[in-house]
Amino acid sequence: MIYLDYAATTPLDARVFEAMLPYLRPDGVFANPASTHGPGFKARAAVEKARAQVAALIGAEPGEIVWTSGATESNNLALKGALEFRGAAPASKTLHIVTSRTEHKCVLDTCRYLEAQGVSGRSGGQPVRVTYLKPSANGVVTPEEVLAALTPETLLVSLMWVNNEIGVVQEVERLAPMLRERGVLLHVDAAQAAGKLPIDLGRTPIDLLSLSAHKVYGPKGIGALFVRRRPRARLNPQMHGGGHEQGMRSGTLATHQIVGMGAAFDVARTDLAADAAHIGGLRDALWSRLQALPRVQRNGGGEGIAIAPHLLNVSFEGVEGESLRASLPELAVSSGSACSSATQEPSYVLRALGRDDELANASLRFSLGRATTAADIERAAGLVIQQVQWLRELSPLWAA
Ligand SMILES: *Cc1c(COP(=O)(O)O)cnc(C)c1O
């Protein structure tokens, strides 16, 4: 089996596994990090070390990292939390969000929820309106297009850094200062950007940024939300309880998971350039091999548009999507994102780029990782080329 689905999830890095073990063993560090005794202090120290490791990868301060269960929760907390905080102010009218049609489902579904519910505050409640910007065929939503969508009621813009299906890198570094100048909050889903691209929040005025450990060779079930301190981004908590995480996210901290995320982000920081060179090189090799086939299209990107090193999304004309995937049992690849493939519908991301249903369906997302080898890529390319040629030969449409 050749695993080329690193954008869906990654295995634990061996160094991460080792770092987590002392916090999982029955005789290990198991105390509650909130407890005020020796073992508790020890667990607390491990949590704080991990907080500093996560902050270091993105140029943040440790106090700006709030632990969550993953990027889905971080995105929910950022959007609902920011709107509810503002909604509590009696002066506010309609609350407006600007986002894009190619965001991860968890951002889009949270926006739909907010639109349906509005935000209830002390003063009764405010309706929420959302603008879903359509990207160009290359997958990009420009900062200028975002600015054009702002209204006096816009509270927040949510734009992902790297798209999880096509890898397109949005210009959030150029957008951030423009929004800061206009007093609009910027939330960025960086689940696919962390560890893949350099991120420096010391220089980029993003207010809220979502992270996940399991996309970066850390454990599943742990993530973080960066919440800027200066100027302070204010959120209403979504999980109420013991007041953990500065009151923003209650619940006993999962020390072993947190230690794993810290170790994973530490490795990602030291290996970032080497990973990008290795993974990006193999990705480019895969794309040049696949171009041996006529009528293949790369989805997303183009002149002057950056694509994250681990992603390649290709449409194959003249084949039926389901048959193509069924003909490649040795390849772990996905048609769209794992999160939406349960629905078996053509990818809404590719549709938003203007691909028709048929072509969107006849697409494969290859995502590469640290353990991918040149031999994997050679074999994967060979299999795909062989099967596409075979399916095209069988297809009366292709013959015509
Ligand atoms: C995987 C992913 C998520 C969800 O992260 P979880 O930690 O699995 O909840 C959100 N956004 C993007 C862009 C992702 O790739």
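The values are calculated or read from the model by the stated rules, or taken from the named source; none is laboratory data. Nothing here was measured: the structure is a model prediction, and the numbers come from that model. We place every Cβ from the backbone using ideal geometry, glycine too, and count neighbours over all the protein chains shown. For accessibility, only protein heavy atoms count, side chains too; no ligands or nucleic acids. Shrake-Rupley method; radii C 1.70, N 1.55, O 1.52, S 1.80 Å.
So the values come out like this:
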| quantity | calculated |
| --- | --- |
| Any hit, segment 301-319, residues being touching a Phe, Trp or Tyr at 6+ places or on another chain (Cβ under 7 Å) and of a type outside the set (A, V, I, L, M) | yes |
| Meets criteria (more than 16 Å from the ligand (Cβ to nearest atom) and open to solvent by 10 Å² or more (accessible area, probe 1.4 Å)) for G241 | yes |
| Flag if P177 is assigned by TED's automatic domain parsing to the domain that holds V107, surrounded by fewer than 22 Cβ atoms within 10 Å (Cβ to Cβ) and at pLDDT below 95 | no |
| Residue check for A149: closer than 24 Å to V47 by Cβ and touching a residue at least 24 places away in the same chain (Cβ under 8 Å) | no |
| Qualifying positions in segment 357-379 - closer than 24 Å to L197 by Cβ and open to solvent by less than 30 Å² (accessible area, probe 1.4 Å) | S363, L364, R365, F366, S367, L368, G369, T372, I377 |
| Per-region count, segment 152-170, residues farther than 19 Å from T72 by Cβ and hydrophobic (A, V, I, L, M, F, W, C) | 5 |
| Output for segment 38-91, where each listed residue is away from the ligand (no atom under 16 Å from the Cβ), modelled with pLDDT of 95 or more and not in a helix (DSSP H, G or I) | G59, A60, E61 |
| Tabulated pairs, segment 244-262, first assigned to a helix (DSSP H, G or I), second charged (D, E, K, R), C-beta under 7 angstrom, 6+ apart or interchain | G262/K49 |
| Residue in segment 159-167 that is away from the ligand (no atom under 16 Å from the Cβ), in contact with a His (Cβ under 9 Å, 6 or more places away or on another chain), over 21 Å from S315 (Cβ atoms) and modelled with pLDDT of 95 or more present | no |
| Selection status of R228, surrounded by fewer than 17 Cβ atoms within 10 Å (Cβ to Cβ), at pLDDT 95 or above and assigned by TED's automatic domain parsing to the domain that holds V157 | no |
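Here's the yes/no breakdown for (1) under 30 Å from S347 (Cβ atoms); (2) hydrophobic (A, V, I, L, M, F, W, C); (3) open to solvent by 60 Å² or more (accessible area, probe 1.4 Å); (4) free of Cβ contacts under 8 Å to residues at least 40 places away in the same chain:
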position: V16; (1), (2), (3), (4): no, yes, no, no
position: L24; (1), (2), (3), (4): no, yes, yes, no
position: F41; (1), (2), (3), (4): no, yes, yes, yes
position: R44; (1), (2), (3), (4): no, no, yes, yes
position: A56; (1), (2), (3), (4): no, yes, no, no
position: S69; (1), (2), (3), (4): yes, no, no, no
position: L79; (1), (2), (3), (4): yes, yes, no, no
position: T99; (1), (2), (3), (4): yes, no, no, no
